[in-house]
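Take a look at the structure below.
The values are calculated or read from the model by the stated rules, or taken from the named source; none is laboratory data. Note that the structure is predicted; figures quoted are calculated from it, not measured. No Cβ is skipped: glycine too gets one built from the backbone with ideal geometry, and neighbour counts run over all protein chains shown. Just the protein is used for accessible areas: all its heavy atoms, side chains included, with ligands, DNA and RNA removed. Shrake-Rupley method; radii C 1.70, N 1.55, O 1.52, S 1.80 Å.
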Amino acid sequence: MKKKLVSNHYIQACLHGPLKQGFDPQPLLDRAAVPVELMHNPRARITEVQLANLIRAVWRTSGDEFMGLTERPCKNGVFALMMESLFQLKTLGAMLQQSVRFYNAVQSEIKFAMTIDGDQVNISITLVRPELDPDHLLQEFMLLMWQRFSSWLVNSQLAIHATRFNYPAPAHREEYPPMFGEQLLFDQPTAGFIFSSKLLTLPRVRDPLELECFLRQSPLEILRRVGENNSLSIKVQRLILNKGLDQAPTLDEVACSLHMTSRTLRRKLKDEGASYQQIKDRVRCDIAIRLLTEESLTVAETSELTGFTEQAAFCRAFKGWTGVAPSAYQSDKK
C-alpha cells in the first residue's frame, strides 16, 4: 500500500494530552520531523510516518501509552507485554479473548469486551472518561490496534463487516475509509467492530522474532491499512497516478476509462463529496509532500515531477492546498 497522508487534525489530537500536562510541543514535533508551521494549519497534511513518529514521541516523553488522554496513565511496555502473552496460544479466538482479559486486568481506564452472537464477533471499546479524549484519538487508535494486530497475527487481512463510533461523523470523515474500511457507522451506542466468527479458528502464524520487528516498528504498523478502498474517488486517483501527473487525464478521459459519461462521473463524485479537480489537486499535493519530506527533493525538482512548468505556479498552488509554502516541508526546516 502506498503511504497515506493524513489530516492536520491528527497533529492537534496527538498533542492534546501533552499540552494539557504542560509539555512543550516543539521537541515532540521536532522528533517527528513535523514543521511547527503545520500545527495550526487545518489544510496541512503529514505522512503516516510522521504521525507514527509523533505518537512515539508522545509515548516516550509522557511515559504513557494512552497519550495523556485518560485519568491514569498506561505505562509504556504494556502493549508489548500483552502481545508477548499471546504467543502461548494457537488461534485468533483464544488470542483475542486473552487480549481482552489482559487489558481489563492491568488498567481501568478503558473497558474492552468481546461477544459472540451466532456468526458474528463483536469487539467493543469504552472509555471510562471519554471527555478526556475530545478528538477521539485514543479510542480510534485502540480500534485500529485491535484490527491491525489481529490481521498481523494470522498474516491475513481480516474482513471487518463494520466499524462503529459512538459520536457523529467528524469534519475529517474522508480520513476514515483508508483506516477502517467503507462500512462506517456513526452515532452508535458503543464503539467497536464486527467480523465473522468463522475467523476465530484461524491459526497464529507469526513467531517471536516477527513480533520483535512488529513492536520495533510500532505504531507505524498499526496505522497502516492492508486492503483496498474501492470508492469511485480512489479509482479516479489510481487512473491519474497510472497516467502520470505530467500527462494527467482529462475528466472526459477518466469517464471513458470507467465506462460512464462525464456527467455521470461528476454526479457520482459529488455524491462522495468530491470533484475531479479536488482529486487531482489532492494527488499532486500528497505526492509533493512525500517528495519534499521523504525524498528530500528541492522545490524546483518537486515542481517538475508534479507536472508544473513553472516553479512559481507550483508554489502558489501548494500554498493554496496546504496553507504554507513548500519550503515548510523541506528537511532543512525540521
### Message
Please go through the stretch 123-136 and give me each residue that is in a helix (DSSP H, G or I) and touching a helix residue (DSSP H, G or I) at 6+ places or on another chain (Cβ under 9 Å), ordered by number.
### Response
Pro130, Leu132
### Task
For residues that are β-branched (Val, Ile, Thr) and buried (at least 20 other Cβ atoms within 10 Å of the Cβ), scanning just the stretch 48-98, find the one that is nearest to Ile289 (Cα to Cα).
Ile55
### Query
Does any residue of the stretch 137-150 turn out to be in a helix (DSSP H, G or I), in contact with a helix residue (DSSP H, G or I) (Cβ under 6 Å, 6 or more places away or on another chain) and at pLDDT 95 or above?
yes
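Could you tell me which of the residues Leu200, Leu215, Leu265, Leu258 is under 24 Å from Leu92 (Cα atoms), of a type outside the set (D, E, K, R) and at pLDDT 90 or above?
On inspection, the qualifying residue turns out to be Leu200.
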### Query
What number goes with the only condition from (1) part of a helix (DSSP H, G or I); (2) closer than 30 Å to Ser296 by Cβ; (3) not basic (Lys, Arg) that Tyr103 does not pass?
(2)
### Task
May I ask you to verify whether Leu51 is under 20 Å from His9 (Cβ atoms) and not acidic (Asp, Glu)?
yes
### Summary
When the stretch 176-200 is checked residue by residue, the ones that are surrounded by 12 or more Cβ atoms within 10 Å (Cβ to Cβ), touching a residue at least 60 places away in the same chain (Cβ under 8 Å) and either under 18 Å from Leu86 (Cβ atoms) or out of contact with any Phe, Trp or Tyr (no Cβ under 8 Å at 6 or more places or on another chain) (or both) are Pro178, Thr190, Gly192, Ile194, Phe195, Ser196, Ser197, Leu199, Leu200
### Message
I'd like to verify a number: residues in the stretch 68-102 that are within 15 Å of Gln147 (Cβ to Cβ), in contact with a strand residue (DSSP E or B) (Cβ under 9 Å, 6 or more places away or on another chain) and not β-branched (Val, Ile, Thr), how many?
### Response
3
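Taking into account only those residues within the stretch 298-329 that are in a loop (DSSP other than H, G, I, E, B) and open to solvent by 40 Å² or more (accessible area, probe 1.4 Å), which is nearest to Glu37 (Cα to Cα)?
Ala325
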#### Entry: Single residue of Arg173, Arg148 found to be closer than 30 Å to Thr261 by Cα, among the charged types (D, E, K, R) and out of contact with any Ser or Thr (no Cβ under 9 Å at 6 or more places or on another chain)
Arg173
### Query
Pairs, please: C-beta under 6 Å, at least 6 apart or cross-chain, first residue open to solvent by 50 Å² or more (accessible area, probe 1.4 Å) and among the β-branched types (Val, Ile, Thr) and in the stretch 234-258, second assigned to a loop (DSSP other than H, G, I, E, B) and modelled with pLDDT of 90 or more?
none
### Message
Quick check on Asp271: is it touching a residue at least 60 places away in the same chain (Cβ under 8 Å) and out of contact with any His (no Cβ under 9 Å at 6 or more places or on another chain)?
### Response
no
### Task
Among the residues of the stretch 99-120, count how many are among the aliphatic types (A, V, I, L, M), surrounded by 15 or more Cβ atoms within 10 Å (Cβ to Cβ) and in contact with a helix residue (DSSP H, G or I) (Cβ under 7 Å, 6 or more places away or on another chain).
2
### Message
When you scan the stretch 162-171, do you find a residue that is over 25 Å from Cys213 (Cβ atoms), in a loop (DSSP other than H, G, I, E, B), of a type in the set (A, V, I, L, M, F, W, C) and modelled with pLDDT of 95 or more, even just one?
### Response
yes
### Query
What about Gln26, is it in contact with a helix residue (DSSP H, G or I) (Cβ under 9 Å, 6 or more places away or on another chain) and surrounded by fewer than 18 Cβ atoms within 10 Å (Cβ to Cβ)?
yes
### Task
Evaluate the stretch 52-63: report whether one residue or more is touching a Ser or Thr at 6+ places or on another chain (Cβ under 7 Å) and at pLDDT 95 or above.
no
